[in-house]
Amino acid sequence: MAKTIALFCLLALLSTIASADDTAASIALLVTEANAEAVAARVGPALASKNGVTRSAAARVALVRGLTNVLPQIREALAVESNPDAAREEVRALVVLGDAADVKGARDATRKLPPAIDEVIARAVSRRPDAFEIYATTLRETGYVPDANFFTQALWRRPAAAVAVGSRLLGLRDAAGWQALLTSVRESHLAMPPGVLGVSLNMAVEDIRTSSVWYLVRAYVPDPLQIHENVRAVLTSPVEEASMREAFGRELLRRMLGGERKDDPRWLEWLQSAEADPLLGNDESLFEYFTEKEFLVRKNHCGTASYDCRMPSKQPATIRIASKPVAKPAYFLPDVLPPGVAGAVVAATRCDGSWVALAGATSDTSGRVQSTDMKRIMMNAACDNAVTALVRLSLVTPSSIDSPLNSGTILLVHALRQPACLDEAPLGAAMNSSVQQIGGQVTAPIVKRRVEPQFPESARHAMGSGKSVLIIVRSIITREGCVRAIDLVLQSPFPELNAAALLALAQWTFEPGRMHGEPVDVVFNLTVNFKVP
């Protein structure tokens with residue numbers, strides 16, 4: 001017995017000594033360690049480190065590795081936390097790993113932090129299996145207003161649950177939640193079932209009806225005949241008086257289903273309003289259903305209006321046939337990390353070069369990366385270790401509800417002498433840390449520094465004179481104005497050109513996109529046109 005106690009004390013002492021030497025980098029690099037018990041033995045003490053970045057790294061490793069056995073240390077750390085960035089990471093770990101009571105505990109422990117912590121808690125809730133129940137019973141009562149990203153994460157790989165969630169939202173008369181759910185469903189290229197959609201079209205809440213009408217307009221404009229006959233029947237017999245925004249949406253649906261186009265002074269006036277801008281957007285296919293006068297009125301209005309209001313030079317006569325895109329990855333990686341962690345990992349691994357790689361990854365539905373498979377294109381061994389750790393430390397955000405858990409087409413691109421660009425913004429910097437789509441209140445980034453891509457001689461020769469080829473890249477431009485993640489939307493048949501474009505674009509810098517005047521991360525497409533005279 002005495003020997004057992006002595007051994008236990010010795011192990012505890014060794015653990016204390018080891019943890020005293022741990023840094024943010026040494027803790028973060030534990031994310032790739034196979035032995036979960038050994039990881040927990042060092043992460044637990046690191047949560048009490050005097051260094052805020054080390055505590056952040058420990059909380060992130062606990063979260064992504066699912067170390068529920070360190071929950072007591074996470075609760076203790078959060079209760080006395082003075083560093084907002086470390087508190088944010090401890091909140092995420094506690095909410096995702098803990099039970100429903102820990103959600104309330106996280107709120108109680110962070111009342112003195114900036115209001116943006118409420119968004120952090122809600123985003124963490126969306127990664128739980130019971131996300132919607134917690135939203136309906138707790139978050140909603142606190143005034144939280146969800147967006148489409150909340151439901152995309154909460155319903156990831158569970159599209160059938162959208163019916164029950166939608167029905168519950170309608171029962172709660174939750175117009176904001178219903179609109180966010182419909183946007184998530186539409187952006188996921190899924191369809192809201194006709195039963196629940198039909199009910200929404202005749203509800204007494206005007207915002208709910210309007211959201212449903214414009215969901216139908218935007219989702220079915222490519223092929224209106226796909227609108228279910230039961231939904232059509234409800235559309236033709238409204239029971240509530242419509243506002244102008246709802247009425248014009250219904251008018252467009254009537255035309256989409258074969259109705260005649262006629263000018264109406266009410267529509268002409270409404271089409272010149274700011275209310276119309278975010279509803280109509282800039283989808284050219286919608287303008288096929290405008291009268292000639294409506295198109296001209298709208299075009300004149302858009303000459304001085306917002307990004308949403310962009311118009312084609314002439315009214316399209318037919319639906320444009322899109323180019324064949326490169327398969328969109330299920331998610332971007334790596335994602336933002338606690339401030340200071342990415343830099344510590346890169347420095348500790350002595351990664352000082354550029355890298356280009358094609359990665360495969362597997363995630364669970366909470367967004368925790370379970371495995372990775374790296375195919376080096378241009379990367380040394382030191383950077384391989386750094387990038388693997390950065391990817392494993394990331395939390396995945398799916399691009400759609402039905403995105404697969406496995407993604408084998410993730411491009412990892414980083415230019416020489418560029419920052420890692422993975423630090424999450426300080427907690428008080430913005431209310432919304434999600435990646436935004438440009439439009440509405442979100443403005444586009446503006447290029448500050450361009451780096452022209454090299455034009456490989458092999459590609460120039462293969463193309464021949466008088467030829468050009470277009471490459472389109474989707475990227476995330478951060479609130480600091482750098483390129484964080486990148487993937488090909490349209491690629492050329494010349495691999496060396498694609499690589500040249502990616503490496504050049506990764507070095508561009510921007511005046512960031514803004515939402516309500518504050519810098520935000522945005523998805524932004526960049527185009528490179530290679531021409532041979």
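One table, with the values for the structure above:
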item: Some residue of region 163-180 being more than 30 Å from LEU67 (Cβ to Cβ), assigned to a helix (DSSP H, G or I) and of a type in the set (Phe, Trp, Tyr); result: yes
item: Selection from region 422-440 of residues that are open to solvent by 20 Å² or more (accessible area, probe 1.4 Å) and modelled with pLDDT of 80 or more; result: ASP423, PRO426, VAL435, GLN436, GLN437, ILE438
item: Filter result for ALA154 (out of contact with any Gly (no Cβ under 9 Å at 6 or more places or on another chain) and either modelled with pLDDT of 95 or more or crowded, with 22+ Cβ neighbours inside 10 Å (or both)); result: yes
item: Scan of region 111-146 for residues that are farther than 17 Å from VAL396 by Cα, open to solvent by less than 60 Å² (accessible area, probe 1.4 Å) and not in a helix (DSSP H, G or I), ordered by number; result: LEU113, PRO114, ASP130, GLY143, TYR144, PRO146
item: Among the candidates VAL70, VAL103, VAL53, residue that is at pLDDT 95 or above, assigned to a helix (DSSP H, G or I), touching a Pro at 6+ places or on another chain (Cβ under 8 Å) and open to solvent by less than 60 Å² (accessible area, probe 1.4 Å); result: VAL53
item: Pairs with Cβ under 7 Å, 6+ apart, first in region 373-386 and more than 19 Å from GLY408 (Cα to Cα), second open to solvent by 100 Å² or more (accessible area, probe 1.4 Å); result: ALA382/ARG350
item: Residues satisfying the stated conditions in region 201-235, i.e. closer than 24 Å to PHE287 by Cα, in a loop (DSSP other than H, G, I, E, B) and touching a residue at least 12 places away in the same chain (Cβ under 8 Å); result: LEU201, VAL221, PRO222, ILE227, HIS228
item: Long-range neighbours under 8 Å by Cβ, at least six apart or interchain, first residue more than 20 Å from THR183 (Cβ to Cβ) and open to solvent by less than 60 Å² (accessible area, probe 1.4 Å) within region 272-299, second basic (Lys, Arg) and in a helix (DSSP H, G or I); result: PHE287/ARG298; TYR289/ARG255; PHE290/ARG298
item: Residues that are farther than 21 Å from ASP174 by Cβ, open to solvent by 50 Å² or more (accessible area, probe 1.4 Å) and acidic (Asp, Glu), drawn from region 205-253; result: ASP223, GLU229, GLU241
item: Residues (surrounded by fewer than 14 Cβ atoms within 10 Å (Cβ to Cβ), farther than 17 Å from ALA506 by Cβ and not β-branched (Val, Ile, Thr)) located in region 442-469; result: GLU457, SER458, HIS461, GLY464, SER465, GLY466, LYS467, SER468
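The values are calculated or read from the model by the stated rules, or taken from the named source; none is laboratory data. Quick caveat, the model's predicted, so the values are computed rather than measured. Methodologically, a virtual Cβ is constructed for each residue, glycine included, from the backbone with ideal geometry; neighbour enumeration extends over all protein chains shown. Calculation scope for accessible area: heavy atoms of the full protein, side chains included, ligands and nucleic acids excluded. Shrake-Rupley method; radii C 1.70, N 1.55, O 1.52, S 1.80 Å.
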